[in-house]
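Enquirer: This is the structure I want to talk about, given as structure tokens.
Only the coordinates and a few stated rules stand behind these numbers; no lab work does. Computed from a prediction, not measured in an experiment: that's the story for all the values here. Every residue, glycine among them, receives a Cβ derived from its backbone with ideal geometry; neighbour counts consider all protein chains shown.
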Amino acid sequence: MFSPATGKLTHPQPKDLVFAVSKDSILFPLKDHEIYRDATAFDIGIYNGKRLVCLNLPSLEHGTLLRTFFAEAEPEIAHIVAFAAHLVWWRATYKYCPSCGNPLKEHNFERCLRCEACDASFYPIISPAIIVSVFREGKILLAHNTRFPSGRYSLIAGFVEPGENLESAVHREVMEEVGLSIKNLRYLESHPWPFPNSLMAAFTAEWESGELKPDGIEIERAAWYAPNEKLPDLPPKGSVSRKVIEEWLAANKLQRKGIQ
């Protein structure tokens, strides 16, 4: 069982469970961590009676891509790594006070950084994002983002803007990216996405009006797919988009069996 700590700077001890993260990779666990004595290390918490320590390394030659790791890890381990990756990014990014420029110091007992010069406090930054599965006559909307590998399609997604609630962000993103109005919006679940600091809220909705018009900026192509059609390359396992798509496919498979 995992019990998170405040993430203070620390030094690994012989009995600790040590792992390492870089910008996009992980080694869990990290063997022979003594050779990284100069690396920045954070106290992540306790897992199954052992203290967890995460090293922040510039690169990991034999590491596993974080996205691949999330796809294969058990839920609790994925939680630990999401927490650690987000924390390491935050600590590496927020070194100086945004208000006065003085160095930030660790808070005595909170997961917080303080400026002793102007008495400002700064907590981990979480950027909310939405993702939505849109359906029309039993078909799901899948889109190819300009940043995706060739042939990969996923759900419509985007960041929440200042002053928006989650629901408004879903309606706006679908309209902006593919020109559709939606209805019957329903929340599904949320998922931490530490790339580097997002929290993804998943929704489902139904098409209301409009025809597909990819914006050409973020979305190059978009199409409706039936569950019995050959689907394009999908997002990797471990992502909330892949989970939502697979649950839709599984539900339709059960429905077809029931009809038979």
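Enquirer: Given +1 on the Cβ of Lys and Arg, -1 on the Cβ of Asp and Glu, and no further charges, what dipole in debye does the range 32-143 carry about its Cα centre, rounded to the nearest 20?
Expert: The dipole magnitude comes to about 320 debye.
Enquirer: First check a/c for the range 159-260, with a ≥ b ≥ c the square roots of the eigenvalues of its C-alpha gyration tensor; if it is under 1.5, answer rounded, and if not, answer prolate when a/b is larger than b/c or oblate otherwise.
Expert: Prolate.
Enquirer: For the chain, which longest stretch is free of loop sites, where a loop site is one of the GluC sites (Glu not before Pro) that DSSP puts outside H, G, I, E and B and that has at most 11 other Cβ atoms within 10 Å?
Expert: Here the longest segment lacking exposed loop sites spans 138-210.
Enquirer: Of ILE219, ALA143, SER209, which is farthest towards the positive pole of the chain's charge dipole, taken about the Cα centre with +1 and -1 on the beta-carbons of Lys, Arg and Asp, Glu respectively?
Expert: The residue sitting farthest along the positive end of the dipole is ALA143.
Enquirer: While we're looking at this one, here's another question. Tell me, what does the Kirkwood hydrodynamic radius of the range 1-132 come to in angstroms if you use every pair of distinct C-alpha atoms?
Expert: Evaluated over the range 1-132, this radius sits at 15.7 Å.
Enquirer: Starting with the fewest neighbours, write out ILE126, ILE131 ranked by other beta-carbon atoms found within 10 Å of each beta-carbon.
Expert: Taking fewest neighbouring Cβ atoms as first place, the list is ILE126, ILE131.
Enquirer: Follow-up question, since we're still on this one. Can you figure out the FRET efficiency of GLN13 with PHE109, using R₀ = 22 Å and their beta-carbon distance, to the nearest 0.05?
Expert: Efficiency computed from Cβ-Cβ geometry: 0.55.
Enquirer: Would you calculate the separation in nanometres between label points at ALA251 and LEU65, each defined as 7 Å from the Cα along the Cα-to-beta-carbon direction?
Expert: A separation of 2.9 nm, rounded to one decimal place.
Enquirer: Can you check what the net charge comes to around ARG114, using other residues whose Cβ is under 15 Å from the Cβ of ARG114 (Lys, Arg +1; Asp, Glu -1)?
Expert: +1
Enquirer: Helix-only mean residue ellipticity at 222 nm, the chain, DSSP H runs n ≥ 4 weighted -39,500 (n - 2.57), per residue, nearest 500. What is it?
Expert: Roughly -7500 deg cm²/dmol at 222 nm, from the helical runs in the chain.
Enquirer: May I ask you to evaluate 6.51 cos²θ - 1.76 cosθ + 1.60, the Karplus curve with θ = phi - 60°, for each residue of the range 73-89 and list the ³J(HN,Hα) values in order in whole Hz, giving x for glycine and proline?
Expert: The phi angles translate into 6, 5, x, 5, 5, 4, 4, 4, 5, 4, 4, 5, 4, 5, 4, 5, 4 Hz.
Enquirer: Further question: Quick check: pseudo-label points 7 Å beyond the Cα along Cα→Cβ at SER209 and LEU166, how many nm apart are they?
Expert: Roughly 2.7 nm, to one decimal.
Enquirer: If each residue of separation counts as 0.36 nm, what is the full-extension length gain between ASN184 and ARG37 once their alpha-carbon separation is subtracted?
Expert: Separation in residues times 0.36 nm, less the Cα-Cα distance, equals 47.5 nm.
Enquirer: Continuing with this model, one more query. With +1 on each Lys and Arg Cβ and -1 on each Asp and Glu Cβ, and nothing else charged, work out how big the dipole of the range 127-259 is about its Cα centre, in Debye to the nearest 20.
Expert: Around 680 debye, computed over the range 127-259.
Enquirer: Under a point-charge model restricted to the Cβ atoms of Lys and Arg (+1) and Asp and Glu (-1), what is the dipole moment magnitude of the chain relative to its Cα centre, in debye to the nearest 20?
Expert: 560 debye
Enquirer: Take the Cα pairs of the chain, get the Kirkwood Rh, then feed it into Stokes-Einstein at 37 °C and 0.692 mPa s and tell me D in µm²/s.
Expert: The estimated diffusion coefficient comes to 160 µm²/s.
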